[in-house]
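A.B. asks: Below is the structure I would like to discuss, written out as structure tokens.
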Amino acid sequence: MLNIKSVIIASVAVLVGVLPGSASAYFTTSQNAVALSQNVFLYTVSYDFGLKKYDLEMPMLALPQSALTDDSFAVGYKTVDSEDEIAKVGKSMGIVLSDAKLINGVYMVPKGTAASFTLVMLVQATDAELANYSAEQNLAMQVTSLPFVMKGDGITIKASLNPSELKYYKTPELDI
């Protein structure tokens, strides 16, 4: 029993030591929402990522929260209404764009550098879906998961931003 406790304490200590400890390592820089037409909506969330001591792998793929699995290396998102409830209107697709080097579908950020990323998400709704949607409701996009992998000194750590950090990764609402 003592060995398990020691392993847990050591694991927590390692994670605290290697996870980003300040907002300068990762932060959202802008959030936007634009109606391209009365049925098509564009949402973007931009963010910067970089660590001093670790190379980073960042996802290019973006999936609706409902499509994510435990093995998904993808930014998760959901469309929400004015009450932050999941909005069941339209179909969406997303992708992450970046100035970082792309290798095998994964963005690479060398240690000591930072890269900019933009999650781009489109929603297309039918006239019938919009007719059944409450006029008082607005739509926004909320990032629900942002995984990344840290590598350095023979160590590989899979991590993700936590909900208290992700609450800032939300677009303004669009009046539909």
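A.B. asks: Going through region 49-86 one residue at a time, which ones are over 24 Å from TYR26 (Cβ atoms) and β-branched (Val, Ile, Thr)?
C.D. replies: ILE86
A.B. asks: While we're on this one: So in region 24-41, with the set limited to residues that are under 15 Å from the mean Cα position of the chain (by Cα), surrounded by 19 or more Cβ atoms within 10 Å (Cβ to Cβ) and not β-branched (Val, Ile, Thr), which one is farthest from GLY94 (Cα to Cα)?
C.D. replies: Taking the candidates together, the pick is TYR26.
A.B. asks: Only one of VAL109, VAL96, VAL89, VAL120 is surrounded by 14 or more Cβ atoms within 10 Å (Cβ to Cβ) and farther than 17 Å from PHE27 by Cα. Can you tell me which? Spell out the reasoning first.
C.D. replies: Working: VAL109 fails: farther than 17 Å from PHE27 by Cα; VAL96 fails: farther than 17 Å from PHE27 by Cα; VAL120 fails: farther than 17 Å from PHE27 by Cα.
Testing whether each residue is surrounded by 14 or more Cβ atoms within 10 Å (Cβ to Cβ) and farther than 17 Å from PHE27 by Cα leaves just VAL89.
A.B. asks: Could you say whether any residue in region 84-99 is under 30 Å from TYR54 (Cβ atoms), over 16 Å from the mean Cα position of the chain (by Cα) and touching a residue at least 12 places away in the same chain (Cβ under 8 Å)? Steps first, please.
C.D. replies: Here is the first cut: in region 84-99, the ones under 30 Å from TYR54 (Cβ atoms) are 94-99.
This time we only want the ones that are over 16 Å from the mean Cα position of the chain (by Cα), so: 99.
Right, trim to touching a residue at least 12 places away in the same chain (Cβ under 8 Å) and you get 99.
So far as region 84-99 goes, yes, one or more of its residues are under 30 Å from TYR54 (Cβ atoms), over 16 Å from the mean Cα position of the chain (by Cα) and touching a residue at least 12 places away in the same chain (Cβ under 8 Å).
A.B. asks: Ok, one more. Does at least one position in region 42-62 carry a residue that is part of a strand (DSSP E or B), among the acidic types (Asp, Glu), surrounded by fewer than 18 Cβ atoms within 10 Å (Cβ to Cβ) and in contact (Cβ under 8 Å) with a residue 12 or more places away in the chain? Let's see the steps before the verdict.
C.D. replies: Just the residues of region 42-62 that are part of a strand (DSSP E or B), to begin with: 42-49, 55-59, 61-62.
Checking the rest, the ones that are also among the acidic types (Asp, Glu) come to 48, 55, 57.
This time we only want the ones that are surrounded by fewer than 18 Cβ atoms within 10 Å (Cβ to Cβ), so: 48, 55.
Subset that is in contact (Cβ under 8 Å) with a residue 12 or more places away in the chain: 48, 55.
There is at least one residue in region 42-62 that is part of a strand (DSSP E or B), among the acidic types (Asp, Glu), surrounded by fewer than 18 Cβ atoms within 10 Å (Cβ to Cβ) and in contact (Cβ under 8 Å) with a residue 12 or more places away in the chain.
None of the figures in this text is laboratory data; all of them are computed from the coordinates on show. These numbers were taken from a predicted model, which means no experiment stands behind them. When we count neighbours, we look across all protein chains shown, and the Cβ atoms used for this are built from the backbone with ideal geometry, even at glycine.
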